[in-house]
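Student: Please find one structure pasted underneath; my questions will follow.
Laboratory data are not the source of any read-out in this text; all were calculated from the coordinates shown. The shown structure was predicted, so the numbers you read here are calculated from the model rather than taken from an experiment. Cβ atoms come from the backbone with ideal geometry, glycine included; neighbour counts cover every protein chain shown.
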Amino acid sequence: MIIRRILLSRESILLYVLLAMCVGFSIFVEGFLDWWSISERTRYWIIPGMIAVPMTFIIATAGIDLSVASIVAMCGIVLGLLYRDAQWPIWCAACAAVFAGLLAGAFNGGVSSYLKIPPLVVTLATMALFRGVAMGLSKARSISDFPDGFQWLSQGDVFEIHVGDSVSAFVPVPLFALIAVVAVGWLLMRRSWIGRFTKCIGENEIAAEFAAIDVRRLKFALYAACGLVCGIASLFNTALYATAKADTAAGMELEVIACVVIGGTRISGGEASVIGSLLGLLIIGILRYGLEMAGVKSQHVIIFVGALLIITAVFNEWMAGRRGVEG
């Protein structure tokens, strides 16, 4: 019974889908199994993957954070200005950028939790606010010339695999950061009271309050944590492109939400999976990579991702309703 439950779990089904996609693309798309290209592409998956972990907790409470991409952009500008104009050491500027992300997340959490304003409204407003702050601080100009040691954070490689004189595959340095964030998120969701209380709030917030759960404080902490991770992600984003720009990461918030929903987290709250969000990230990444390798234009790839998101959201709600009837 336990083995059957594991084999038919949501995460297992997502893994089967991911493996089926890889097999299908490798058969029908020439050059799909280019491990160097896949390894290089993973650098661009890691940043939304990191943010998807705290977003999983937020959506599990029936909340949302649409400002994550704007926080990434703003923190990148803070990093660049402190390093270039204030002449701060790069890692001191990096710490300040992460702290700016924490403050932005805390602002979202404070307004939505303690002032009882729906998080959709709050983060929709701060999505424009933080992007505008980034534009104003940078005067819409990019900031570059970061040191090589900092750029290694996203551009560096470890465990290179050589075939002849060339590198055929490698493990990007930022992958370890993603693994660390996912591991912490999984432990908090599956092995701590934070995960239990988070899902309880999503199921029924009023019942959670009657159960003596400090709903406001926990939701505030979740949004603050999301801002903190966005600040960390901004370091990798800036190092990846070697440039801080106010318009960077545009649209990333939708990609992050798609990873979470495809991973099995109900948009209405109460059910969540950090490992599922990671698998959702990989499914979207492989789908985009495979379709682009097949010659599908990028504007058409978005249609496939959107269709997958709609199907998954409907499936999640249907499964939740079915379990409710059976229960």
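Student: According to the Kirkwood expression over distinct Cα-Cα pairs, how big is the hydrodynamic radius of the stretch 104-261, in Å?
Tutor: 18.4 Å
Student: Please list, or write none, the lysines whose alpha carbon is within less than 21 Å of the alpha carbon of Lys219, excluding same-chain residues fewer than 8 places away.
Tutor: Lys116, Lys199
Student: Semi-axes of the equivalent ellipsoid of the chain: what are they in whole Å, largest first, if each equals the square root of 5 times a C-alpha gyration tensor eigenvalue?
Tutor: Equivalent ellipsoid of the chain: 31, 29, 17 Å, largest first.
Student: Turning to a different aspect of this structure: Test of understanding: in a Gaussian network model of the chain with alpha carbons linked when under 10 Å, which of Arg43, Arg217, Arg131 would top the mean-square fluctuation ranking?
Tutor: Arg217
Student: Bin width 10 Å, alpha-carbon pairs only: give the P(r) of the stretch 1-151 as whole percents, running from 0 to the bin holding the largest distance.
Tutor: 9, 26, 26, 23, 14, 2, 0
Student: In the chain, if the dipole is taken from +1 on Lys/Arg beta carbons and -1 on Asp/Glu beta carbons about the Cα centre, which of Ile283, Gly31, Ser12 is farthest to the positive end?
Tutor: Positive-end residue among those listed: Ser12.
Student: What number comes out for the charge environment of Asp247, summing +1 per Lys or Arg and -1 per Asp or Glu over other residues with Cβ under 15 Å away?
Tutor: On the way: positive: Arg131, Lys139, Arg141, Lys245; negative: Glu253.
For residues surrounding Asp247, the net value is +3.
Student: Counting only Cα atoms, I'd like the Rg/Rh figure for the stretch 198-327, Kirkwood definition for Rh.
Tutor: 1.04
Student: Which value, in debye to the nearest 20, gives the size of the charge dipole of the chain about its Cα centre, when Lys and Arg are +1 and Asp and Glu are -1 at the Cβ?
Tutor: 860 debye
Student: Nearest 0.05, what FRET efficiency do Leu124 and Val171 give at R0 = 41 Å with Cβ-Cβ as r?
Tutor: Numbers: r = 38 Å, r/R0 = 0.92.
Result of the calculation: an efficiency of 0.65.
Student: Using 1/(1 + (r/R0)^6) with R0 = 22 angstrom and r between the beta carbons of Ala242 and Val184, what's the FRET efficiency to the nearest 0.05?
Tutor: 0.20
Student: Give me the one-decimal nm value for the distance between modelled label points at Ala207 and Ala313, 7 Å along each residue's Cα-to-Cβ direction.
Tutor: In this crude spin-label approximation the distance works out to 2.5 nm.
Student: Given the Cα-Cα distance of Leu115 and Phe159 and 0.36 nm per residue of separation, how much length would full extension add, in nm?
Tutor: 10.9 nm
Student: Starting from the Cα of Lys245, draw a straight line to each of the lysines and keep only those under 25 Å, dropping any in the same chain fewer than 8 residues away.
Tutor: Lys139
Student: Around Ile77, under 14 Å between beta carbons, what's the net of Lys plus Arg minus Asp minus Glu among the other residues?
Tutor: So the environment of Ile77 carries a net charge of +3.
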